[in-house]
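The values are calculated or read from the model by the stated rules, or taken from the named source; none is laboratory data. Computed from a predicted structure; not experimentally measured. So basically every Cβ, Gly included, is an ideal-geometry build from the backbone, and we count neighbours across all protein chains shown. What goes into the accessible areas is simple: the full protein's heavy atoms, side chains included, and nothing from ligands, DNA or RNA. Shrake-Rupley method; radii C 1.70, N 1.55, O 1.52, S 1.80 Å.
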Amino acid sequence: MPLSTQLEAGEEQYVLIASLDNARNLSNILKAIQFKDHATFLATSNGIKVTVEDSKCLQANAFIQAEIFQEFSIQEDSVMFRVNLAVLLDCLTIFGGSAVPGVTTALKMCYNGYGYPLTLFLEEGGVVTVCKINTQEPEETLDFDFCSTNVINKVILQSDSLREAFSELDMTSEVLQITMSPDKPYFRLSTFGNSGSAHCDYPKDSDMMEVFQCTQTQTNRYKMSLLKPSTKALSLSCKVSIRTDNRGFLSLQYMVRNDDGQICFIEYFCCPDEEVGEQEQ
């Protein structure tokens, strides 16, 4: 890759270097969590986790494993910084995100450490562009304390079926009500919009249901405004895991296959809508 010769002189000073032959494998994942301006990057030897949050009620995490990158080098146990996500995406698609078969934008992403900008080297068709994006002091991200041992109910669905449900439910509803139960209706999505109530039920033996592990009946409501950003991830994904814990917190984990067939994960955490939690369900 031409970029491999671009940095040799000063490469040893970078605390993080991550290279991709196809920048779309990063930009597509980041677009799926772009509902606020800024994102926090946390790099470890396992890869990069990118976190976006809203109002202490919603958190989205995109996981890009180290194996996804053609080159991944980190000189510290962990590297953390905050960056403007919109600016980063503009840079990653600076060549227009070409959809021409066989034409991809190569990326080399480098970071010198605290206080330094994030440097992107982008190459397409022999043309190299260098972008430097100011980084900020990373803010502490929320700990939703979503522990697998506290998970009460879990289903894994093929994403097509959930996309279909979202197209049929009334999006004028302020909340999405999720019922998960070992008994009928098993897994139900409900909305309460301008045209009345709407329900979408999934039998536990449905072809679209890959895993059904529900131990007790739970009905929780979540603000639709908080869940809408996750539909970006849903549109990219092939499977989705839906889990609720003993507090009613919701985890939506999307399995996304990139242009090269590799698997990445996007996870959304959402707290229940307490205003209606005590109302009749």
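I'm checking my understanding of the structure. Among residues of the stretch 44-60 that are more than 20 Å from Ala86 (Cβ to Cβ) and in contact (Cβ under 8 Å) with a residue 60 or more places away in the chain, which one is least open to solvent (accessible area, probe 1.4 Å)? Talk me through it step by step, then tell me what you get.
Within the stretch 44-60, the subset more than 20 Å from Ala86 (Cβ to Cβ) is 44-47, 56-57.
Now narrow it down to the ones that are in contact (Cβ under 8 Å) with a residue 60 or more places away in the chain: 56-57.
Details: Lys56: 159, Cys57: 41 Å².
The residue in question is Cys57.
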Within the stretch 28-69, residues being on the phi > 0 side of the Ramachandran plot and aromatic (Phe, Trp, Tyr) number 0
In the stretch 66-85, residues that are surrounded by 18 or more Cβ atoms within 10 Å (Cβ to Cβ) and in a helix (DSSP H, G or I) total 2
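In the list Leu88, Leu120, which residue meets the criterion of being closer than 17 Å to Ile48 by Cβ, surrounded by 18 or more Cβ atoms within 10 Å (Cβ to Cβ) and in contact with a helix residue (DSSP H, G or I) (Cβ under 6 Å, 6 or more places away or on another chain)? Before the answer, list the steps.
On the way: Leu88 fails: in contact with a helix residue (DSSP H, G or I) (Cβ under 6 Å, 6 or more places away or on another chain).
Just a single option satisfies the conditions, and that option is Leu120.
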Just one listed residue, out of Gly113, Gly96, Gly102, is part of a loop (DSSP other than H, G, I, E, B), touching a residue at least 24 places away in the same chain (Cβ under 8 Å) and at positive phi, and it is Gly113
For Asn134, the lone unmet condition from (1) under 26 Å from Ile263 (Cβ atoms); (2) free of Cβ contacts under 8 Å to residues at least 60 places away in the same chain is (1)
